[in-house]
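The values are calculated or read from the model by the stated rules, or taken from the named source; none is laboratory data. On a predicted model such as this, the values are computed, not experimentally measured, just so you know. Here the Cβ positions follow ideal geometry from the backbone for every residue, glycine too, while neighbour counts run over all protein chains shown.
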Amino acid sequence: MDWNKVKVQLENTFNGTVLLAQDEKILLQGAYGEASIQTHAPMHLHQRFNLASVSKPMTALGILLLIQEKKITFDDDITKWFDNLPYTNITVRHLLQHTSGLPDYMELFSNWDETTVATNEDVLQLLTQYAPPRLFEAGERMEYSNTGYVLLALLIERVTNKSYTEYMDEAIFKPLNMKNTTVTSTTFTKQYTNEIAYGYVFDVYAGQYVAPSEFEETKGTTCLNYITGDGGIYSTVEDLWKLGRAVIQARLWDEALLEQAFTPSSLTAEQTFSYGMGWIIYEDEQLGKCVWHNGGWPGYATTFKIYPQSKTIFVFLRSKEQDLDYEIAIGEAIEKALSIQEFHLPKKPEQYKAVHLSVEILQGYEGKYQLQEHPEHTVEIALQEDNRLYIFLPSTMPLELHAIKEDEFFLRGIGVLVTIKQNKLTVISEGQSTIANKINAPELKENNISL
């Protein structure tokens, strides 16, 4: 397999860096595009990317070290460290496995002053002050929780009497010589101005890339940039390769402990799900067991995969958003080339451009929609104060619906289409359709479309 040809073929497909290694040997590594659209500085392999949720397995690895040192246990109740937290019977294990039932902290910042930087302590304070209802009792089911990993970072600080930044640096980054990895801070960009791969979003109305703070849909998230545990770590492809090798070799962690983290979690003997403790888990026919995570934050998309049995590591870091399905297909094509010894580059899709619809048309779509297959769940469509239409899906941040035409919309950067016709909402993702019907909608006459 000529990996140099693959490296050339990847030119102009994405803005970022990539690395593929097997048996201690790097097969493919490349840097593409530019690190900054302001300076047009070229991208380099040492560029630091916001890892977003790829920070979660790192937080989990930090927790495993505390368990290994017998400073905490999986089954410790977290009120041991958060005595004012208005939620009981939640353990460290529940936080790691996303089975805590804690509400999403991002919703608590809907009225936050966007000029004020939010911290992990602010998350804890808002949870304590407002005590939003839990989604379910701990251990009842699994639902992805950013809140749980913010609390894990705070737990690390309570147990070690060090900041999360200090602990991760001393316990993991320095021992593994991950010299270009650090936890973000308010002084981070000043310290590493020329080393950062800056993230950019695509303004679907202007048809150009801008900083997240300059785009209406994403500017509200910038105050959350310094919350850590669930995200907030910056790193490079090479440093993640070092981490992957250390995990495969069990260099810092007991093998038995890693095996627990890499075992699919279970609610009952019959009910398991493909998430361990900080890692998504699946079995690949050629490469064997894969433990991995991906992440996304305005401008950034990240993937970090470890195949312990075949000693394979794949890292993909991107800093200019584009169609997510396309980027996933690029990664899959690179990994597949290991087995078939051929690389087939997927076709690059068109970048959607949005059109404006009248407020009257948008108001016709507002309301709650009940999922056909899961009637216990609803999807809400609502206009915000700025007359922009948002969809509220279970366990996600509100996402803006951008119109392609009167009854067809897209979610920016994630390859999801939404149609609303005759009070029926259809969400199309990865070729699969999810249908929901409007609740308390007036009956429609045949062939009469409601707007």
Going through region 355-390 in order, the residues found to be out of contact with any helix residue (DSSP H, G or I) (no Cβ under 7 Å at 6 or more places or on another chain), over 18 Å from Glu143 (Cβ atoms) and among the hydrophobic types (A, V, I, L, M, F, W, C) are Val355, Leu357, Val359, Ile361, Leu362, Ile381, Ala382
The residue from Asp407, Asp386 that alone is surrounded by fewer than 16 Cβ atoms within 10 Å (Cβ to Cβ), out of contact with any His (no Cβ under 7 Å at 6 or more places or on another chain) and at negative phi is Asp386
Might you check whether a residue that is free of Cβ contacts under 8 Å to residues at least 12 places away in the same chain and not in a loop (DSSP other than H, G, I, E, B) occurs anywhere in region 99-107?
no
Does Val150 fit the bill of being among the β-branched types (Val, Ile, Thr), touching a Lys or Arg at 6+ places or on another chain (Cβ under 7 Å) and in a helix (DSSP H, G or I)?
-> no
Apart from one, (1) surrounded by fewer than 17 Cβ atoms within 10 Å (Cβ to Cβ); (2) more than 23 Å from Thr99 (Cα to Cα) all hold for Lys71; the odd one out is (2)
By residue number, the members of region 139-178 that are hydrophobic (A, V, I, L, M, F, W, C) and closer than 20 Å to Leu243 by Cβ are Leu152, Ala153, Ile156, Met168, Ala171, Ile172, Phe173, Leu176, Met178
Only one of Glu107, Glu114, Glu143, Glu121 is among the acidic types (Asp, Glu), modelled with pLDDT of 95 or more, surrounded by fewer than 20 Cβ atoms within 10 Å (Cβ to Cβ) and out of contact with any Asp or Glu (no Cβ under 7 Å at 6 or more places or on another chain), namely Glu121
* Report yes if some residue within region 49-64 is surrounded by fewer than 17 Cβ atoms within 10 Å (Cβ to Cβ) and not aliphatic (A, V, I, L, M); otherwise report no. => no
So for region 125-132 (the condition being part of a loop (DSSP other than H, G, I, E, B), under 20 Å from the mean Cα position of the chain (by Cα) and either closer than 21 Å to Leu399 by Cα or of a type outside the set (A, V, I, L, M, F, W, C) (or both)), does at least one residue qualify? no
Note on region 30-64: residues under 15 Å from Phe14 (Cβ atoms), assigned to a loop (DSSP other than H, G, I, E, B) and in contact with a Ser or Thr (Cβ under 7 Å, 6 or more places away or on another chain) are Met43, Leu45, Gln47
Can you say whether Glu360 is more than 24 Å from Phe202 (Cβ to Cβ) and surrounded by fewer than 14 Cβ atoms within 10 Å (Cβ to Cβ), as far as the supplied structure shows?
yes
* Asked: Somewhere in region 110-129, is a residue closer than 25 Å to Val247 by Cα, out of contact with any helix residue (DSSP H, G or I) (no Cβ under 9 Å at 6 or more places or on another chain) and not aliphatic (A, V, I, L, M)?
  -> no
Filtering strands (runs of 3 or more DSSP E) wholly in region 305-421 for at least 2 residues that are among the β-branched types (Val, Ile, Thr), in contact with a Leu (Cβ under 7 Å, 6 or more places away or on another chain) and in the same structural domain as His40 (by TED's automatic domain parsing) gives 312-318
Checked Ile340, Ile313, Ile334 against criteria (more than 18 Å from the chain's Cα centre (by Cα) and without any contact (Cβ under 8 Å) to a residue 24 or more places away in the chain); the one match is Ile340
Checked against (1) part of a loop (DSSP other than H, G, I, E, B); (2) over 26 Å from Thr303 (Cα atoms), Ile67 satisfies every condition except (1)
